[in-house]
Amino acid sequence: MRDPLLQYPGYVLRRASSAMMADFSKRLEPLALKTAEATMLQVIGHNPGISQSALGRMLDIQRANMTPMAARLEARGLVRRTPSDGRSLGLELTETGAALAAQARDIVEHFEAELTARIPEEHRPHFLPALLALWGAAAI
């Protein structure tokens, strides 16, 4: 059976993304983290005191989903809320959260190295810029 959609870059990108995310999710299972939670820990670790709303905007997570996700991380003792400016509260990693974020980062780095190795060497310098251009984030 032939897949007539393999000629469409958007289709292939979606399929590649689905396969990559399934593999990545499996790798995070031993840490009892979902992909979005691991991502949140990384961003909070690099931006201590980030507000929940800024974190949601950065990761494109709707407010209705962001609140329970942050609450789960807090309930697990991975993040704590700290006063930032005025009435706002920022998020920062706890010691436990920082240790788990480091373990997740190791998984990410290993996974990304394997992913990059699957790309023909002559295409590697263009791969990330092409993805950023498709996402519209080339200026990041």
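Taken together, the values in this text are just the output of simple stated rules run on the coordinates, not laboratory data. This structure is a prediction, so every number in the text was calculated from the model and none was measured. Cβ sites come from the backbone with ideal geometry, for glycine too, and all protein chains shown count toward neighbours.
Can you find, among Ser88, Ala102, Gly10, the residue sitting farthest towards the positive end of the charge dipole of the range 1-129, where Lys and Arg contribute +1 and Asp and Glu -1 at Cβ?
My answer, from the dipole projection, is Ser88.
What size of dipole, in debye to the nearest 20, comes out for the chain about its Cα centre when the only charges are +1 on Lys and Arg C-beta atoms and -1 on Asp and Glu C-beta atoms?
For the chain, the charge dipole is close to 480 debye.
Could you check the spin-label model distance between Ala36 and Gln62? Points 7 Å from the Cα along Cα→Cβ, value in nm.
Inter-label distance under the simple model: 0.9 nm.
In units of 2.2 N^0.38 Å, what is the alpha-carbon radius of gyration of the range 63-140?
The reported ratio for this selection is 1.54.
So what J values fall out for the range 86-94 if you push phi through Karplus, 6.51 cos²θ - 1.76 cosθ + 1.60 with θ = phi - 60°, rounded to Hz, Gly and Pro as x?
x, 8, 6, 10, x, 10, 9, 6, 7
Please name which of Phe24, Leu131, Ser53 has its Cα lying farthest along the dipole of the chain towards the positive end, using unit charges on Cβ (Lys, Arg +1; Asp, Glu -1) and the Cα centre as origin.
Checked the options; the winner is Ser53.
Whole-Hz Karplus ³J(HN,Hα) for the range 53-65, in order, using 6.51 cos²θ - 1.76 cosθ + 1.60 and θ = phi - 60°, x for Gly and Pro?
Whole-Hz 3J(HN,Hα) from phi for the range 53-65: 5, 5, 4, x, 5, 4, 9, 6, 10, 4, 3, 5, 8.
Take peptides 23-34, 98-109 and line them up by average Cβ neighbours within 10 Å, highest first, as a rough protection proxy. Mind showing how you got there, number by number?
Values: 23-34: 13.7, 98-109: 16.0.
The most tightly packed comes first, giving 98-109, 23-34.
So how strong a dipole does the range 91-136 carry about its Cα centre when Lys and Arg Cβ are +1 and Asp and Glu Cβ are -1, to the nearest 20 debye?
160
Select one label from [x] 32, 17, 15; [y] 26, 20, 15; [z] 37, 17, 12: the one whose number is semi-axes √(5λ) of the Cα gyration tensor in Å as derived from the coordinates shown.
The listed entry that was calculated here is [x].
Would you calculate, for the chain, the mean residue ellipticity at 222 nm contributed by helices, counting each DSSP H stretch of 4 or more residues as -39,500 (n - 2.57) and dividing by all residues, to the nearest 500?
Helices in the chain give a 222 nm mean residue ellipticity of -20500 deg cm²/dmol.
In whole angstrom, how far apart do the alpha carbon centroids of the range 25-50 and the range 63-93 sit?
First find each Cα centre; the distance between them is then 13 Å.
Applying 1/(1 + (r/R0)^6) with R0 = 41 Å to the Cβ-Cβ distance of Ile107 and Asp85, what FRET efficiency is obtained, to the nearest 0.05?
Plugging the Cβ-Cβ distance into 1/(1 + (r/R0)^6) gives 0.75.
How would Glu122, Glu112 line up from fewest to most surrounding beta-carbon atoms within 10 angstrom? Each step should come with its number before you reach the end.
On the way: Glu122 7, Glu112 11.
Fewest to most other Cβ atoms nearby, the residues stand as Glu122, Glu112.
If the only charges are +1 at each Lys and Arg Cβ and -1 at each Asp and Glu Cβ, what is the size of the charge dipole of the range 25-89 around the Cα centre, to the nearest 20 debye?
Roughly 100 debye for the range 25-89.
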